[in-house]
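Structure first, commentary second.
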Amino acid sequence: MVGGLTLDNLLVKRNVIDNVGFIKINNPPVNAMSVNKGVPQIILDSLKIYENDSTIKFIVILGEEKLNFSGGADISEFGKPTDSGKANLRDLINYLDKINKPCFAIITGPTMGGGLELALGCHFRLADQSAKLALPEVKLGILPGAGGTQRLPRLIGVEKSLHFMVDGSVINSKTAKNLGIVDELIESKNDLDIKKIILEKFNDKKFIRVSEKEINTANLENNFFSNFKNSILKKKRGFPAPFAIVDCVEKSTKTTFSEGMKFERQEFQKLVDSVESAAQRYLFFSERSATKMHPPIEKNMDDIKTISILGAGTMGTGIAISFMKAGFNVFLFDKNKTNLEKSEKNILNILNGMLMKNKISEIKLNELKENISFIDNIEEIGVSDLVIEAVFEEFEVKKEILSEVNKIVGKKTIIASNTSTLDINNLSEFVDEPQRFLGLHFFSPAHVMKLLEIVKGSKTSLPVLNTCIKLAKKIGKVPVTVGVCDGFVGNRMIHRYLKEANHLLEEGALPKDVDDAIEEFGFAMGPFKMSDLAGLDIGWAIRKRRKKNNLDTHKYSNIPDRICEGGDFGQKTGRGYYDYSDGPRDPKPNKITNQIIISESDALNITRRSISNKEIVSRLMLSLITEGLDLLDENIASRPSDIDVIYSYGYGFPRYRGGPMFHANTIGVEKIVSEIEEFSKLPNCEHWKIGNRLLKIKNGEINFI
Ligand code: 3HC
């Protein structure tokens with residue numbers, strides 16, 4: 001009989017078909033297990049109803065209609081008191097461990113964190129092709145805290161569980177079946193189809209609770225867990241969660257399930273209370289809010305199908321790959337045939353690399369190749385919905401190509417510049433209908449780096465902006481909208497940071513002192529190794545342009561110019577701040593640079609002093625923070641959290657510190673003000689001042705974040 005009992009509730013819907021009771025979670029958008037709303041409580045109540053109903057033999061939990069199974073615990077509830085009268089996810093899963101009727105999880109769409117832990121608490125797991133499974137808590141600075149660290153090793157073994165939880169990676173249903181997480185692959189989650197499969201394949205199957213399974217430790221080598229920790233030491237430095245996951249899994253091998261659960265809870269709570277997790281949770285929501293400034297999309301995304309990239313250099317090639325991979329029709333234009341051939345070769349190499357790593361199939365590779373055309377006749381871009389110029393970073397060169405594009409494409413085509421420094425408003429003058437013109441500032445390598453600064457010119461229209469934000473998400477980028485100024489948000493802040501790093505050299509530090517301190521703080525690379533890698537000539541050209549246009553308002557350091565004047569441009573010439581004669585991975589002090597540094601101190605009449613790591617970190621972080629505050633004051637950045645998203649995705653700011661603005665909030669305004677006052681008294685530090693916005697924060701009018 002179809003239909004039968006139907007008891008609707010807003011958050012969880014129940015219906016019964018013969019002897020199968022369905023519990024359908026209905027908490028859009030992602031079926032988060034919100035305790036305060038009562039989601040776990042209502043599921044638990046539903047289980048009790050079906051348990052006490054003698055006509056029901058099987059219980060099925062799934063997402064309502066088009067909804068996924070569950071995206072896990074409600075992240076916004078962490079660190080806040082929850083309604084203690086209501087059941088939480090652990091209470092619900094504990095109940096599943098006691099219930100005496102077989103319970104099935106129908107895994108569809110994102111099934112993550114607590115959502116997957118709920119499925120692990122069920123007795124059987126069925127998944128369709130839409131399923132995306134993960135225990136991604138590690139990315140929020142926490143660990144699977146609803147039994148995941150204790151159940152998964154019992155189900156798929158210790159080593160596989162560790163990799164799955166420590167990486168937080170997402171797998172599909174086939175991989176989950178191969179791993180043993182999923183029992184059966186299904187085609188649809190239609191009630192009747194599910195009932196049919198249950199009766200055919202699980203009717204007489206004895207169910208075993210995962211918590212009652214034995215953990216297989218026979219193949220674990222001695223010191224397995226400490227060796228595992230050592231293997232992740234470098235990559236996960238500064239993040240407490242991965243190491244706590246290892247501890248929990250180790251515990252699962254050494255004690256009972258219930259003792260393991262107690263240990264997991266205790267470790268989970270420590271992490272939830274940590275500043276590192278608060279920072280990562282803040283970034284989760286910041287990344288999403290960065291796309292939400294504007295009114296709803298007015299231009300339909302389906303309008304954007306064909307994209308032309310102008311300039312087949314490193315940037316153009318990377319941008320082309322990003323769109324091609326997402327299935328767009330791409331034209332890559334360059335006047336120079338050799339550039340085009342080189343770019344085509346690079347793209348093929350990258351695709352082949354993806355094939356080798358099993359990231360794409362051979363069929364997909366051929367499909368992707370079909371998506372891109374390499375053209376040297378610019379007239380062919382006429383059919384484009386979006387054109388992005390990525391030609392040489394010179395105003396005149398960009399002016400020429402934009403004027404040409406303007407003549408070729410239709411009036412509705414969106415036109416963008418990938419400039420990292422030039423004024424978008426000035427460039428918009430070469431485009432009729434400048435409301436369709438904006439900056440799309442990709443970061444190198446553009447097919448890898450997730451950050452995209454979307455630069456809103458004074459005339460850019462909101463529909464154009466919104467279309468590009470949506471487009472960016474579609475190609476897997478993290479878009480942040482910024483206003484027009486020299487360097488936009490990210491680079492303007494980095495210029496100030498680099499200047500301060502050079503002032504530290506003038507006062508007594510050497511490049512390695514500064515880099516070591518910043519790397520210990522959590523950056524993958526200090527400012528001088530980063531500059532050497534990027535090429536010192538690039539910064540030199542920018543400084544010359546800034547000087548020429550009177551854009552340099554902050555105290556200047558001559559050191560980087562003097563290094564460049566001697567022909568040392570960093571890794572590409574074998575010498576820069578460091579000497580790379582023993583290879584790029586082995587930077588040694590560069591005697592010539594060190595002499596330049598000392599002679600600059602003399603020229604400035606500075607008695608060199610030893611500078612502590614604490615002062616180095618503090619001055620460099622405060623230079624980012626104060627520039628960030630200025631950008632907010634000038635409305636170039638819309639929100640403090642936008643700055644943090646830019647820094648975490650584009651500049652390697654340690655995620656567990658949240659970004660410059662979150663970090664400022666962690667330090668506190670009193671300390672920041674007193675440090676700036678102290679710095680301002682040092683020789684060579686007259687540029688340290690308390691800005692407008694900091695003063696407002698000090699007076700309690702606004703906050704850092
Ligand atoms: N809690 C609260 N809100 C959540 C959420 C969650 N677990 N997951 C997503 N959201 C919110 C987002 O903030 C966003 O809200 P907004 O529209 O107001 O900005 C909305 O749901 C939609 O999210 P996305 O824009 O990210 O939607 P996508 O379709 O692109 O992605 C997703 C869906 C893959 C589920 C993605 O949202 C995601 O990765 N979510 C986080 C999953 C996760 O980390 N789960 C573990 C939670 S911690 C846990 O379970 C602890 C347990 O072990 C005890």
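In this structure, is Asn230 surrounded by fewer than 16 Cβ atoms within 10 Å (Cβ to Cβ) and in a helix (DSSP H, G or I)? Yes; evaluated as a whole, the condition is true for this residue. Restricted to the stretch 23-80, and to residues there that are within 15 Å of the ligand (Cβ to nearest atom) and of a type in the set (Asp, Glu), the residue that is farthest from Leu116 (Cα to Cα) is Glu77.
Phe104 meets the conditions (1) more than 13 Å from the ligand (Cβ to nearest atom); (2) out of contact with any His (no Cβ under 9 Å at 6 or more places or on another chain) in every case but one. The failed one is (2). Among the candidates Phe430, Phe488, the residue that is open to solvent by less than 10 Å² (accessible area, probe 1.4 Å) and either at pLDDT 95 or above or of a type in the set (Asp, Glu) (or both) is uniquely Phe488.
Among residues of the stretch 170-221 being within 16 Å of the ligand (Cβ to nearest atom) and in a loop (DSSP other than H, G, I, E, B), the one that is nearest to Lys139 (Cα to Cα) is Val170.
Okay, residues lined up against (1) in the same structural domain as Gly526 (by TED's automatic domain parsing); (2) among the hydrophobic types (A, V, I, L, M, F, W, C); (3) over 25 Å from Ser557 (Cβ atoms):
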{"position": "Gly650", "(1), (2), (3)": "no, no, no"}
{"position": "Pro683", "(1), (2), (3)": "yes, no, no"}
{"position": "His687", "(1), (2), (3)": "yes, no, no"}
{"position": "Ile705", "(1), (2), (3)": "no, yes, yes"}
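Restricting Leu152, Leu116, Leu143, Leu96 to residues that are near the ligand (Cβ under 9 Å from one of its atoms), open to solvent by less than 10 Å² (accessible area, probe 1.4 Å), in a helix (DSSP H, G or I) and in the same structural domain as Asn27 (by TED's automatic domain parsing) narrows the list to Leu116. For the stretch 290-297, check the following and say yes or no: at least one residue is within 15 Å of the ligand (Cβ to nearest atom), modelled with pLDDT under 95 and in contact with an Asp or Glu (Cβ under 8 Å, 6 or more places away or on another chain). Looking for residues that are within 15 Å of the ligand (Cβ to nearest atom), modelled with pLDDT under 95 and in contact with an Asp or Glu (Cβ under 8 Å, 6 or more places away or on another chain), one finds at least one in the stretch 290-297, hence yes. Kindly indicate the residue of the stretch 500-540 that is of a type in the set (D, E, K, R) and closer than 24 Å to Asp602 by Cα and also most open to solvent (accessible area, probe 1.4 Å) among those meeting that condition. Of everything passing the filter in the stretch 500-540, Lys512 is most open to solvent (accessible area, probe 1.4 Å).
When Gly145, Gly157 are checked against the criterion of being on the phi > 0 side of the Ramachandran plot and under 32 Å from the mean Cα position of the chain (by Cα), Gly157 stands alone in meeting it. Can you find even one residue in the stretch 334-347 that is among the aliphatic types (A, V, I, L, M), within 28 Å of Lys470 (Cβ to Cβ) and touching a residue at least 12 places away in the same chain (Cβ under 8 Å)? Yes - at least one qualifying residue is present in the stretch 334-347.
Could you tell me whether any residue of the stretch 391-402 is buried (at least 21 other Cβ atoms within 10 Å of the Cβ), in contact with a Cys (Cβ under 8 Å, 6 or more places away or on another chain) and either modelled with pLDDT of 95 or more or at positive phi (or both)? No, every residue in the stretch 391-402 fails to be buried (at least 21 other Cβ atoms within 10 Å of the Cβ), in contact with a Cys (Cβ under 8 Å, 6 or more places away or on another chain) and either modelled with pLDDT of 95 or more or at positive phi (or both).
The rows are residues; the columns are (1) open to solvent by less than 60 Å² (accessible area, probe 1.4 Å); (2) small (Gly, Ala, Ser); (3) not in a helix (DSSP H, G or I).
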{"position": "Thr607", "(1), (2), (3)": "no, no, yes"}
{"position": "Leu622", "(1), (2), (3)": "yes, no, no"}
{"position": "Leu632", "(1), (2), (3)": "yes, no, no"}
{"position": "Ser641", "(1), (2), (3)": "yes, yes, no"}
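Exactly one residue out of Asn36, Asn52, Asn19 is farther than 30 Å from Ser289 by Cα, open to solvent by 10 Å² or more (accessible area, probe 1.4 Å) and touching a residue at least 12 places away in the same chain (Cβ under 8 Å): that is Asn19.
The residue pairs whose first member lies in the stretch 261-288 and is farther than 13 Å from Asp247 by Cα and outside any helix (DSSP H, G or I), whose second member is modelled with pLDDT of 95 or more and open to solvent by less than 70 Å² (accessible area, probe 1.4 Å), and whose beta carbons are closer than 9 Å, counting only pairs six or more residues apart or on different chains, are Ser274/Gly141; Ser274/Ile142; Ser274/Pro240; Ser274/Ala241; Ser274/Tyr656. Figure legend. Inter-residue proximity from the stretch 83-101: first residues closer than 14 Å to Ile49 by Cβ, second residues open to solvent by 70 Å² or more (accessible area, probe 1.4 Å) and not hydroxyl-bearing (Ser, Thr, Tyr), beta-carbon distance below 7 Å, spacing 6+ or different chains. Indicated pairs: Lys101/Lys57. Within the stretch 119-140, restricting attention to residues that are within 13 Å of the ligand (Cβ to nearest atom) and among the charged types (D, E, K, R), the residue that is surrounded by the most Cβ atoms within 10 Å (Cβ to Cβ) is Glu137. Please determine, by comparing only the residues of the stretch 156-169 that are without any contact (Cβ under 8 Å) to a residue 60 or more places away in the chain and within 16 Å of the ligand (Cβ to nearest atom), which one is nearest to Ser76 (Cα to Cα). Going through the qualifying residues, I end up with Gly168. Here Ile381 meets the list (1) closer than 30 Å to Ser648 by Cβ; (2) touching a Leu at 6+ places or on another chain (Cβ under 9 Å) almost entirely, failing just condition (1). Of the strands (runs of 3 or more DSSP E) that lie entirely inside the stretch 431-490, those containing 2 or more residues that are on the phi < 0 side of the Ramachandran plot and over 20 Å from the mean Cα position of the chain (by Cα) span 437-442. Taken together, the residues in the stretch 39-84 that are of a type outside the set (Val, Ile, Thr) and part of a loop (DSSP other than H, G, I, E, B) amount to 19.
The values are calculated or read from the model by the stated rules, or taken from the named source; none is laboratory data. Keep in mind the model is a prediction, meaning the values are calculated, not measured. Every residue, glycine among them, receives a Cβ derived from its backbone with ideal geometry; neighbour counts consider all protein chains shown. Side chains included, ligands, DNA and RNA excluded: accessible areas come from the protein's heavy atoms. Shrake-Rupley method; radii C 1.70, N 1.55, O 1.52, S 1.80 Å.
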